[in-house]
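Everything below concerns the one structure shown next.
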Amino acid sequence: MNQRQHDTKKKVIFCDFDGTITINDNIIAIIRHFDPPGWQPIAEDVIAQRKSIKQGVGELFRLLPTSRQEEIVHFAINNVRIREGFAELLDYCVEQSIAFYVTSGGIDFFVYPVLAQFPIPEDHIYCNASDFTGANIEILWPHSCDEHCSNNCGMCKTTIMRRFPKEQYQRIIIGDSVTDFEGAKQADLVYSRSHLTEKCRELGLPYVAFETFHDVIQDLHSRKEEVNS
């Protein structure tokens, strides 16, 4: 399929939250700040893919007592810094009729409040949920893997992507870490940072590295201009 034929497909963006929309990884920032004993080996096992994301994130938050819910939520929301150009990317997507979805391995108690300032429909935001009713925080998984994925993702990005068939959609991933690896394998176009860039190099996947969302907008625009020229 040539570029012109490819561009006739509807574009859909699946954008990660932690370390992508935000400058920092909020999950790690929360755990590092409250520093429960034993968290570092768990985090290292997830990054090295010795533990699944679902297992590792569940274990990390289970280290935190729900008695500290108020300060944990306050820290999580107020610690977030939005990457430059995000609002402009959302505007560009509206102008160009590009569907935009947040596909986040983050948790509802900080993802929804942070994104409330942006015009993103709530049903376009996928993330994990939380339960503060027990002694320790329990993470819930409303968007787990379908029958086509056995990676125990937690919030399974490829499951969401499969709702947008490749025959009809140009599927674009924007991400930075281990939660984006499987999605990158299915995507037509990958905008990457950090661990995702390293993984794309390792697997020989095409990618465009970015620092701000202005870089993403510029690349999307240049591809559109190339097709129209």
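The values are calculated or read from the model by the stated rules, or taken from the named source; none is laboratory data. Every value quoted in this text rests on a predicted model; they were computed, and no experiment measured them. Backbone-built Cβ (ideal geometry, glycine too); neighbour counts: all protein chains shown. The area values use the complete protein model at the heavy-atom level, side chains included, leaving out ligands, DNA and RNA. Shrake-Rupley method; radii C 1.70, N 1.55, O 1.52, S 1.80 Å.
One table, with the values for the structure above:
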| read-out | value |
| --- | --- |
| The range 108-133 residues that are under 18 Å from Cys156 (Cα atoms) and open to solvent by 20 Å² or more (accessible area, probe 1.4 Å), paired with ones that are at pLDDT 95 or above and among the hydroxyl-bearing types (Ser, Thr, Tyr) (beta carbon under 7 Å, 6 or more apart) | Asp108/Ser130; His124/Tyr101; Tyr126/Tyr101; Tyr126/Thr103; Tyr126/Ser104 |
| Subset of the range 34-66 [within 18 Å of the chain's Cα centre (by Cα), outside any loop (DSSP other than H, G, I, E, B) and either surrounded by fewer than 18 Cβ atoms within 10 Å (Cβ to Cβ) or touching a residue at least 40 places away in the same chain (Cβ under 8 Å) (or both)] | Val46, Ile47, Ile53, Lys54, Gln55, Val57, Gly58 |
| Tally of residues being in contact (Cβ under 8 Å) with a residue 40 or more places away in the chain, assigned to a helix (DSSP H, G or I) and open to solvent by 70 Å² or more (accessible area, probe 1.4 Å) across the range 22-33 | 1 |
| Residue list for the range 185-198, filter: crowded, with 23+ Cβ neighbours inside 10 Å and outside any strand (DSSP E or B) | Ala187, Leu196 |
| The range 201-229 residues that are more than 16 Å from Ile174 (Cβ to Cβ) and at pLDDT below 95, paired with ones that are of a type in the set (Asp, Glu) and surrounded by fewer than 16 Cβ atoms within 10 Å (Cβ to Cβ) (beta carbon under 7 Å, 6 or more apart) | Val227/Asp7 |
| Matching residues in the range 67-84 - criterion: being part of a loop (DSSP other than H, G, I, E, B) and either open to solvent by less than 60 Å² (accessible area, probe 1.4 Å) or in contact with a His (Cβ under 9 Å, 6 or more places away or on another chain) (or both) | Asn79, Val80, Arg83, Glu84 |
